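What follows is calculated from the coordinates using simple rules that are stated; it is not laboratory data. This one's a predicted model, so the numbers in the text were calculated from it and none came from an experiment. All Cβ positions, even for glycine, are placed from backbone atoms using ideal geometry, and neighbour counts span all protein chains on display.
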Amino acid sequence: RAVKLVTLLGSLRKASLNAVVAKNLPALAPDGVEISALGSIGELPHYDADIQASGFPPAVLAMGQAIAEADGVIIVMPEYNYSVPGALKNALDWISRLPETPFAGKPVAIQTASPGMIGGARAQYHLRQIMVFLDAQVLNKPEIMIGQAAARIDAESGEITDESTRQHLTKQIAALARMARQTRHSA
Ligand code: FNR
């Protein structure tokens, strides 16, 4: 059967460059790979153990279930102050508390886009550290760090205008799908 991947988007704003990347992934996926979007991280309340004690919010449960059912997750996010955006960290904190531990052993790929030169690289290493505790299997290569993203992505038309960026994204999706097939095979 097809490899099913889901995207987790780390930006909330409408004209997000990272949102354009995430929205283009289904069309860039190689044959046999299906990609769909998880719900918005903006739907989740701030993590609070007291809320958790009275029951996980439905949006957290839905996100956790969709991750558990997927063969892999692609996290697409901006870099905020050299790190992971707070709203995304909040979502990961919620999901980490689910007893089903949906990220455990899950193949995960990281993509960042930034108008700056470094393309969000520094935030990727913070995200990798977080994913150690969640026990995810984070893909090493190819890395996707889209620098000078405003010149490669047209937020208005919703297109990735740079052909080499599109090709690179397809390569990473294929690598994640390969990892997901191997994980599924050995499960
Ligand atoms: C940024 N930005 C940014 N860029 C970067 O390359 N490194 C950084 O550390 C930061 N830090 C940062 C902090 C905060 C609070 C904001 C709001 C922005 C710029 C950021 O990359 C830019 O706004 C992107 O366009 C945000 O991603 P989306 O929303 O376009 O996907």
Some residue of the stretch 76-87 being surrounded by fewer than 17 Cβ atoms within 10 Å (Cβ to Cβ), farther than 18 Å from PHE133 by Cβ and out of contact with any Gly (no Cβ under 8 Å at 6 or more places or on another chain): yes
Filtered residues of the stretch 1-16 (kept if buried (at least 21 other Cβ atoms within 10 Å of the Cβ) and more than 15 Å from LEU88 (Cβ to Cβ)): VAL3, LEU5
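So which helices (runs of 4 or more DSSP H) stay within the stretch 1-82 end to end and still have 2 or more residues that are touching a Lys or Arg at 6+ places or on another chain (Cβ under 9 Å) and within 16 Å of the ligand (Cβ to nearest atom)?
Of the helices (runs of 4 or more DSSP H) lying wholly inside the stretch 1-82, those with at least 2 residues that are touching a Lys or Arg at 6+ places or on another chain (Cβ under 9 Å) and within 16 Å of the ligand (Cβ to nearest atom) span 17-28.
To keep it simple, each residue is scored yes or no on (1) more than 14 Å from the chain's Cα centre (by Cα); (2) closer than 20 Å to THR165 by Cα.
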{"position": "VAL33", "(1), (2)": "yes, yes"}
{"position": "GLY39", "(1), (2)": "no, no"}
{"position": "ALA66", "(1), (2)": "no, no"}
{"position": "ASP71", "(1), (2)": "no, no"}
{"position": "LEU88", "(1), (2)": "no, no"}
{"position": "ALA91", "(1), (2)": "no, no"}
{"position": "GLU100", "(1), (2)": "yes, no"}
{"position": "LYS106", "(1), (2)": "no, no"}
Search result, residues across the stretch 105-124 that are touching a strand residue (DSSP E or B) at 6+ places or on another chain (Cβ under 9 Å) and either surrounded by fewer than 21 Cβ atoms within 10 Å (Cβ to Cβ) or not in a strand (DSSP E or B) (or both): GLY105, LYS106, SER114, ILE118, GLY119, GLY120, ALA121, ARG122, ALA123, GLN124
Hits in the stretch 83-109 - residues which are within 16 Å of the ligand (Cβ to nearest atom), within 19 Å of ILE146 (Cβ to Cβ) and of a type in the set (A, V, I, L, M): VAL84, LEU88
Test set (1) away from the ligand (no atom under 16 Å from the Cβ); (2) under 20 Å from GLY42 (Cβ atoms); (3) within 14 Å of the chain's Cα centre (by Cα) - THR112 fails condition number: (1)
